[in-house]
Each structure stands twice: as C-alpha cells, then as structure tokens.
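The values are calculated or read from the model by the stated rules, or taken from the named source; none is laboratory data. All figures in this text were calculated on a predicted structure; none of them were measured in a lab. So basically every Cβ, Gly included, is an ideal-geometry build from the backbone, and we count neighbours across all protein chains shown.
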Amino acid sequence: MITSVLVANRGEIACRVFRTCRELGISTVAVYSDVDADALHVREADTAVRLPGAAPSETYLRGDLVVKAALAAGADAVHPGYGFLSENADFARTVIGAGLVWIGPPPEVIEVMGSKTRAKELLGIAPLAEVTEGDLPVLVKAAAGGGGRGMRIVRELGDLAGALESASAEAASAFGDGEVFVEPYVENGRHVEVQVVADKHGGVMTLGARDCSLQRRHQKVIEEAPAPELHPDVLGELSEIARDAAEKVGYVGVGTVEFLLAGAHMQFLEMNTRLQVEHPVTEEVFGVDLVALQISVAEGNRLPDVKEPAARGGGRPGPFGHAVEARLYAEDPAAGWTPQAGVLHRLEFPAGPGIRVDTGYVSGDTVPVQYDALLAKVVVHAPTRAEAVRKLAHVLDRTVIHGPATNRDLLVASLRHAEFGNPGLLDTGFYDRNLDTLSRPRGGEEYAAVAAALAGAVAGRGRFGGGWRNVRSQDETRTYGDHEVRYRPTRGGGYEVTAPEGIGVVSAAPGRVSLEVSGVVRHFDVTAYEDGTVHAGPHRLTARPRFTDPREQTAPGSLLAPMPGTVVRVADGLAVGDRVTAGQPLLWLEAMKMEHRVIAPASGTLTALHAAPGRQVEVGALLAVVSDDATTEAAQEDQTV
C-alpha cells in the first residue's frame, strides 16, 4: 500500500492530487522552485522539499532532483501530474529504479504513445514526409508534450521553414525535446477525446467522451462531458479505437485518446499518457475520482465496475447529467492572449451545489512569469447542458478577481454566445470567428469608471478636507483607460457627474458607489491598488496619471514588451540602421514556456535595439524602435543643426 506520495508538479494539479491523497489517508510531499517557495501547493503539503540549483523555469524538469527529494522525504510513490515530466519515459524509469512506485503507465508505453510520431506509426498513420502546395494548410506539431506548445499552422509554403524552426525551439524549451512533424490541418474540426483507464491485469475501460473544441492557440479553454450531439455509433467507434490502442500497447493507468472530427472525417491526433487538465468534467459526470483510480491501479488493484451512462439520441445527457469546465487564465485575449503576471490581491469564487473549483492560488498569492498562467478550473455539474452552461457563466460572472488581467469576461461571453449554445455548431474555429466580439470590454465599463473616480474623490476628500465652494469651481477630471470622467462636489456633500451625461449619484464612499442610470440603480464595490489598477465591480480599470511629464512619453515606433519574460532570440543579423517591413518578426520573447513574436509595426528603419538573448524584461520595457522615413530624416536634421 502507498502511504506517501510526492507530486512532481506545482500549482493547481499538485493541490488537486493532494486533495485525493488526504481523502485516502496518504501523506503528501511537495517540491518547489525558489519562485514557488510560498506557493499554495507548498503550503498544503504535509512536507515540502526545495529543488536547488536549477533556474526556476527548469526546476520541475530536473528528474534527478525530484527523485532525490522523494527519497529524502520518505515518499513511497511519485505522481507526475500533467506537463513537465509527466510524459518523460526516462523520468519514469528513474523513479522505478529508485524503488519508488510510479503512478503512471510503464516507461516503454510512455515512449511509444507519448511521442505523437511513434503513436501514429503504431496505428498505421504516417506524418507528411514532404509538403507541397496541394497539402496546405498543414500543422507543424511537437512530437512530445501538448498544451498548444510547439504548434504552428502553415498556410503558405514559404512559411514552412520558419514554422519548423520556431515550433522546434518552443518544443525544446517546454518539453526538452525539439522533434516536430507535419500533418494535414483540418479547418474548424471538432476536438473530441475519450478517457481510458487500464489496470495491470488487462482490464481496460473507457469513460465516455469529452468535447474540447473551444481552443486558443491549440490550447483548450472550455471543455465539457459528455460530448454533446455525438451520435452513439460515433462514440462507440471512438471508444473502440481508444480501447484497442490501450490494449495494443499494454497501457496501465489513466490516459486520453484524442480525435478531430470534421463531418464524416475522423482523424486520430494523439494519446496523452497522463491525467488531462480537463479530467474533472469526466469525474463529475461519472461520479469517479480519476486520481484515486491512478493510485489504486499503481498499487496493483483491479478496476472497479464503473458503468457508462447510456447514450441517448440527439446528444442529450445520460443519467449523470452534464459538466462544463472553464479555464481561468491570467492573460489578455484582446492583446493576442498575452500571459499576465503579478499579485492576486483578491481571488474569491462562489460556492454551492454543483460548483467545483480546482486552483493553485488564493488571495495574496503572486502569479509568476516563469510558469503557465492557469489560475483555476471552474467546473459546474447540472442535470442538462443548458443548465450547466448558464450556471457556469453566472459563477464566473460573480467571481472576484483583483490583480492581473484575466480571460474571465471572455469566458462568460463565450458561454453566453448563441453559437456555443448550439452544440451542433461547436468547432475549433470558434475564436477565429468570434474573438473580436468576445474580447470587447464588457458593458457598463463607463459606469465603473465613474464609480472609480467618485470613490477616489471621496477618499481624497477624507484626507484633504471638503471640496465644495460658494463659487462654482472647475470640474475635476479622472481618466480610466478610454473613459474620461468629469464631476464636481455639491453643496450637500455629494457629487454631480457632468461627463458621461445622464448618470446620477445615489451614494459614494471610498469602497462602494451607487449610480442611477435611466432609473436603474447600479452598485459598485471599488478597490484601488498602488499599481494604478482599480477594480469597480467586475471591471478592471487602469488609471491614467493626472499629470504627465512630457519627457516620459514614448517615442513613436517604440516596441514595448507585451508581457514579462525573457528575450530568447533576435532575428538573424538584425542591427540598428537596418530597413524592416511591417509584420517582420524582429525578436522572440518567452513567457510561461510559450514563445511570442515581436514584429515591426510598420515599415521603416530600426533606430534602436535594446533586446539581447537572455535579457529579462518587464511589461512595457523598451525593446526596439522602428522609425518611419520622415521621423528618421527629421532626427538626422536635428543632429546636424
């Protein structure tokens, strides 16, 4: 029997595995990098071991350090979670060789199925050996790992070489393996996956199918189970393929077989030899604990008899209802999904029946730049899909998040979008079609700006005295993002809003403001932070300085870092004085194991280059300056005067 488990991971998944271990009476061991010394998963574990020496971004990839930590802490077994070393066969061998129980499939199975190229070979599917115009579009894909890393869509043959290089570099950084391959790219297919569980006695079972079609950059955003409107015959065929694949390789443990469906076309994608991020929706529908099953199988036990809900025509849910999961990220969808980092001043989720939150953060924690920006997985289970979707949108809408920008508003808008409400329209092109609409600021932001301005004014009045005069004074002005607010104090100690028009002030206090608009009263809880952000109700606002030093203005053509990260590459031969063209990649930033291109905003001359490989940068750091011809000539004339 396993008595102590070390989780070779961090964040949400480490906390999730610890929860099951506690329920089973198993003690827990955490490992951590210096960046994560005070992380939630460290605080929740019974014991914790620092992984020394390695850079924070590489720490959890040091299998030798993880095994030493397990032995030092007296652990019996190692659970890899997902990502990092979870699909690393050499790590599994090291764990087993140290006399520890490996909570995962045999190393040789990881080697075969963990490599997408070898898995396809096993199933008789060959990647493209040569790409021609007739093959386009194609997908360049990392052979190891997942999560959208190491993937590039190629629509022009001339872009293939650059995509191969970029994808390989990203895959090597994320998984320690730069192998990539090319396969046909199916436009707007439906991403469906089958959950597989197998024991050491030849027992294999499948637990229905999940739909994971809503994706950005090939990384899942919203998942659900059972996969809606999936014909029983199709489900049966997918389940049989998944079962056969597991039996053919002697699979043991929990795994997932992924497919892309497009009309009558069914394409095998890969088999993930680990627990999936989206496993909670299957757990909620089937009433099982997949982590407990992993541990039980690793102990040598046979699988229990878990019955799959009977499939019904029309995609209606079985007797266990429907579950939907949304991944809450610290990222800015409107700015190319750029990851965000910083302090989570407040993070509070609604609680109640059918609501589940898996997270690695609580209020006061810091989201680091070195790791994935996933804050939490919010899951709702309800009798029907429509009920689950509606409730999940409501739960997210009421979630309090004060800190870095997040995708919360996009998730709410996605769940309430008419296209998502019709399961027959689900496909991986959802965000390609709808992102511009979904990423617009939510309604009522101008009222939130007024509430923020008045809350600030009241707080200032408390410090500096009243502001009302006998002689009518000039309006006070505060600006939040694109919203300019004008107001003045009134004789009764209140405030009058002059812009935007039509807004009445019911009450105003430093932490709460009530406004009346067209007879409707709106309440806003307001909190301001030292970094210049103000949270008014569900809105996150950025205050513009009231007085700006002209010397601090950024020069036209300046390229600023869109997120904190590390400069990993600069375009070959790029130097000050070079001519560049609009859209030309100039350098690459790595943040949270993803590469982000920084491109020239317009054609012109590179007049400054402050980036160099290995340089750590913060948000807004000046990387380079591209000046158009008129600006360059004017600068040269100034220098000759």
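Computed values, structure above
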read-out: Unmet criterion (only one of (1) in the same structural domain as Tyr480 (by TED's automatic domain parsing); (2) touching a Gly at 6+ places or on another chain (Cβ under 7 Å)) for His381; value: (1)
read-out: Complete set of residues in region 481-524 that are among the polar types (S, T, N, Q) and either closer than 19 Å to Pro538 by Cα or surrounded by 13 or more Cβ atoms within 10 Å (Cβ to Cβ) (or both); value: Thr498, Ser507, Ser514
read-out: One residue from Gly255, Gly250 being surrounded by fewer than 18 Cβ atoms within 10 Å (Cβ to Cβ), more than 14 Å from Lys120 (Cα to Cα) and not assigned by TED's automatic domain parsing to the domain that holds Val78; value: Gly250
read-out: Any hit, region 384-404, residues being at pLDDT 95 or above, among the basic types (Lys, Arg), outside the structural domain of Val42 (by TED's automatic domain parsing) and under 29 Å from Asn9 (Cα atoms); value: no
read-out: Test: Ala612 is within 30 Å of the chain's Cα centre (by Cα), crowded, with 19+ Cβ neighbours inside 10 Å and over 17 Å from Tyr371 (Cα atoms); value: no
read-out: Number of the condition not met by Glu187 [criteria: (1) in contact (Cβ under 8 Å) with a residue 60 or more places away in the chain; (2) over 22 Å from the mean Cα position of the chain (by Cα); (3) closer than 26 Å to Leu293 by Cβ]; value: (3)
read-out: Extreme residue, nearest to the chain's Cα centre (by Cα), among residues of region 140-184 that are among the polar types (S, T, N, Q) and over 22 Å from Glu121 (Cα atoms); value: Ser173
read-out: Positions within region 32-65 being under 21 Å from Arg22 (Cβ atoms) and either of a type in the set (A, V, I, L, M) or touching a Ser or Thr at 6+ places or on another chain (Cβ under 6 Å) (or both), in sequence order; value: Ala39, Leu40, Val42, Ala45, Asp46, Ala48, Val49
read-out: Residue match in region 352-371 (condition: in contact with a strand residue (DSSP E or B) (Cβ under 8 Å, 6 or more places away or on another chain), at pLDDT below 95 and in the same structural domain as Val277 (by TED's automatic domain parsing)); value: yes
read-out: Close pairs (7 angstrom Cβ cut-off, 6 or more residues apart or separate chains): in a loop (DSSP other than H, G, I, E, B) in region 217-231, among the β-branched types (Val, Ile, Thr) and surrounded by 20 or more Cβ atoms within 10 Å (Cβ to Cβ) anywhere; value: Pro226/Val285; Ala227/Val192; Leu230/Val192
read-out: Elements of type strands (runs of 3 or more DSSP E) in region 45-145, at least 2 residues being touching a residue at least 40 places away in the same chain (Cβ under 8 Å); value: 77-79, 138-142
read-out: Single unsatisfied condition, Gly620 versus (1) in contact (Cβ under 8 Å) with a residue 40 or more places away in the chain; (2) assigned to a strand (DSSP E or B); (3) closer than 13 Å to Pro562 by Cβ; value: (2)
read-out: Matching residues, region 1-47, being more than 28 Å from Gly300 (Cβ to Cβ) and of a type in the set (A, V, I, L, M, F, W, C); value: Val35, Ala37, Ala39, Leu40, Val42
read-out: Members of region 146-165 that are at pLDDT 90 or above and not in a strand (DSSP E or B); value: Arg155, Glu156, Leu157, Gly158, Asp159, Leu160, Ala161, Gly162, Ala163, Leu164, Glu165
read-out: Yes/no for Glu87 being closer than 20 Å to His279 by Cα and surrounded by fewer than 24 Cβ atoms within 10 Å (Cβ to Cβ); value: no
read-out: Of all residues in region 440-463 being free of Cβ contacts under 8 Å to residues at least 40 places away in the same chain and part of a helix (DSSP H, G or I), the one that is nearest to Ser507 (Cα to Cα); value: Ala453
read-out: The listed residue being among the hydrophobic types (A, V, I, L, M, F, W, C) and surrounded by fewer than 18 Cβ atoms within 10 Å (Cβ to Cβ), out of Ala334, Ala382, Ala405; value: Ala334
read-out: Only one of Asp46, Asp64, Asp36 that is within 26 Å of Ala172 (Cα to Cα), surrounded by fewer than 16 Cβ atoms within 10 Å (Cβ to Cβ) and out of contact with any Gly (no Cβ under 7 Å at 6 or more places or on another chain); value: Asp64
